[in-house]
Amino acid sequence: MGKHQIDQEGFYGEFGGAYIPEMLYPNVEELRENYLKIIQEESFQAEFQRLLHTYVGRPTPLYLATRLSKKYNTTIYLKREDLNHTGAHKVNNTLGQILLARRLGKTRIIAETGAGQHGVATATMCALMGMQCVVYMGEVDIHRQKPNVERMKLLGAEVRPALSGSRTLKDATNEAIRDWINNPVDTYYIIGSVVGPHPYPDMVARFQSVISEEIKKQLKTETGSENPDYLIACVGGGSNAAGTFYHYLDNEDVKLIAVEAAGLGVDSGKTAATTQVGTRGIIHGSKTILMQTRDGQIVEPHSISAGLDYPGIGPIHAYLFDSGRGLYHSATDEQAYLAGVQLSRLEGIIPALESSHALAALDLLKFRADDVIVVTLSGRGDKDLQTYIERGGY
Ligand SMILES: *Cc1c(COP(=O)(O)O)cnc(C)c1O
């Protein structure tokens with residue numbers, strides 16, 4: 001096990017662990033005891049790999065973006081997670097977790113969702129597997145994200161509104177946890193990023209690590225070396241970035257660039273740049289860095305992109321930031337929007353606004369002509385069309 005991997009107790013350095021209420025302990029313990037054994041089984045891997053191939057559409061291409069490369073006078077590849085079924089990387093993880101849930105004998109799936117992307121990925125997998133699906137969503141988000149709510153319903157999921165607090169993501173999370181405590185035997189809780197109590201962050205990183213596994217092979221074919229100079233990915237909770245970095249963590253020649261959402265600016269009070277404004281604390285059962293007031297109340301984040309609008313980061317990112325192994329940058333709403341329009345014009349690819357933050361980092365770094373850069377395009381921009389339109393000016 002490498003220097004930057006999780007330890008036996010579920011920590012990356014000082015970050016991670018499982019800080020959970022006692023009533024949740026049996027559920028999390030069942031998972032912790034079984035997850036590695038199950039996902040390393042040959043039959044599990046065979047089914048996971050087959051569905052990644054025939055259902056999700058993997059491997060996703062590693063595309064040499066020639067016009068973008070010319071603009072920055074270097075060599076830039078895009079890892080096309082936007083071409084996955086359902087339009088983003090999230091499906092890699094939901095597929096893995098639902099196969100695990102089935103092997104644990106679970107028949108009912110619950111999830112929480114903010115913008116609805118993780119809810120849709122979960123509802124999709126439940127339809128595929130013929131499992132009952134309940135998705136908790138803040139009442140405010142249900143009104144903001146109508147199309148995704150309708151998608152989930154069309155796929156056969158029940159969307160339950162969270163009516164307490166600010167009626168957004170954290171309230172939906174509380175409802176999902178309450179449900180899981182009440183239904184420990186038949187129910188499995190699918191978490192959508194490298195967050196939550198151990199073993200979720202490690203499990204989700206492993207399912208998403210297919211991204212870097214493929215990059216290594218594809219880059220070797222393309223350039224003769226499996227190592228780029230830079231890997232760049234956006235960070236909400238941090239799952240597409242964790243998957244992009246995973247097989248390169250111990251190769252210190254490869255620079256790992258993570259890009260958070262600065263929102264209206266890091267010092268504006270309307271931001272989601274957790275490493276810039278956050279402090280150590282516990283959120284969703286793990287010790288990490290999060291945005292909080294001095295007395296520990298969570299600060300509402302802001303980003304143009306719903307997927308980055310999260311007040312924490314996964315413990316692996318707190319560790320990579322703190323240790324200096326990862327370099328953490330941020331891009332504002334405006335910078336991300338402009339990078340999204342630029343990619344549309346230069347390459348004929350309309351990126352998700354989350355992914356546009358990763359692209360915006362191209363303006364923040366200085367490259368050499370012989371550098372090789374891989375940017376993970378975590379999702380496609382169809383879902384963001386309304387936001388692109390409202391911003392206008394393109
Ligand atoms: C959800 C989402 C993200 C953010 O999630 P991570 O766990 O940080 O990867 C990024 N891009 C897209 C397209 C998403 O849907």
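The numbers here are math on the coordinates, done by the rules we state, and not lab data. Predicted, not measured: the structure shown is a model, and the values here were computed from it. Virtual Cβ from ideal backbone geometry, glycine too; neighbours counted across all protein chains shown.
Rounding to the nearest 20 debye, state how big the charge dipole of the stretch 1-110 is about its Cα centre with +1 on each Lys and Arg Cβ and -1 on each Asp and Glu Cβ.
With only Lys, Arg, Asp and Glu charged at Cβ, the dipole is about 860 debye.
Just going by the charge dipole of the chain, with Lys and Arg at +1 and Asp and Glu at -1 on Cβ, which of His85, Gly119, Val372 is farthest out on the positive end?
His85
If I build a Gaussian network model for the chain, linking alpha-carbon pairs within less than 10 angstrom, which residue out of Glu81, Glu347, Glu150 has the largest mean-square fluctuation?
Glu347
Give the list, by residue number, of cysteines in the chain with no other Cys Cβ closer than 4.7 Å, or say none.
Among the cysteines of the chain, those whose Cβ sits 4.7 Å or more from every other are Cys234.
Please state the relative contact order of the stretch 68-198 as a whole percent: Cα pairs under 8 Å, 6+ residues apart?
27 percent
Determine the alpha carbon to alpha carbon distance for each of Lys3/Lys217; Lys79/Lys270; Lys70/Lys216; Lys220/Lys366; Lys71/Lys220; Lys37/Lys383 and list only those over 32 Å.
Lys37/Lys383
Tell me what the chain gives for mean residue ellipticity at 222 nm when only DSSP H runs of n ≥ 4 count, each as -39,500 (n - 2.57), the sum divided by the residue total, rounded to 500 deg cm²/dmol.
-12000 deg cm²/dmol
Among Thr376, Thr279, Thr75, Thr244, which comes first, then next, by fewest other beta-carbon atoms within 10 Å?
Going from sparsest to densest Cβ surroundings: Thr279, Thr75, Thr376, Thr244.
Please find, in a Gaussian network model of the chain (springs between Cα atoms separated by less than 10 Å), the residue of Thr221, Thr60, Thr275 whose mean-square fluctuation is greatest.
Thr221
Would you kindly calculate the translational diffusion coefficient of the stretch 269-386, applying Stokes-Einstein with the Kirkwood radius from alpha carbon pairs, for 37 °C and a viscosity of 0.692 mPa s, and quote it in µm² s⁻¹ without decimals?
Taking Rh from Cα pairs, D becomes 212 µm²/s.
Hey, if you put +1 on the Cβ of every Lys and Arg and -1 on every Asp and Glu Cβ in the stretch 264-353, which of Pro311, Leu343, Thr288 ends up farthest toward the positive end of that dipole?
Thr288
Using 0.36 nm per residue of separation minus the Cα-Cα distance, give me the extension gain between Asn251 and Thr223 in nm, one decimal.
This chain segment gains 8.3 nm when fully extended.
Give me the distance between the Cα centres of the stretch 141-164 and the stretch 244-309, rounded to whole Å.
26 Å
How large is the charge dipole for the stretch 219-353, taken about the Cα centre, if only the Cβ atoms of Lys, Arg (+1) and Asp, Glu (-1) carry charge, to the nearest 20 debye?
Approximately 260 debye in magnitude.
Starting from the Cα coordinates of the stretch 1-64, work out the convex hull volume and express it per residue in Å³.
Taking the convex hull of the Cα positions in the stretch 1-64, it is 173 Å³ per residue.
Can you find, among Gly381, Thr279, Ala352, the residue farthest towards the positive end of the dipole of the stretch 259-394? Put +1 on the C-beta of Lys and Arg, -1 on that of Asp and Glu.
Thr279
For the chain, rounded, prolate or oblate, judged on the Cα gyration tensor with a ≥ b ≥ c (square roots of eigenvalues), a/c < 1.5 rounded, else prolate if a/b > b/c?
It is rounded, given that a/c, with a ≥ b ≥ c, falls under 1.5.
Using a simple charge model, +1 on the beta-carbon of Lys and Arg, -1 on the beta-carbon of Asp and Glu, nothing else, what dipole does the stretch 193-278 show about its Cα centre, in debye to the nearest 20?
Computed charge dipole of the stretch 193-278: roughly 240 debye.
Enumerate the aspartates and glutamates that Lys106 could reach by cross-link, defined here as Cα to Cα under 17 Å, with residues fewer than 8 away along the same chain left out.
Glu29, Glu30, Glu33, Asp179, Asp186
If we sort 28-40, 95-107 on the protection proxy, mean other Cβ atoms within 10 Å, highest first, what's the order?
Going by the mean number of other Cβ atoms within 10 Å, highest first, we get 95-107, 28-40.
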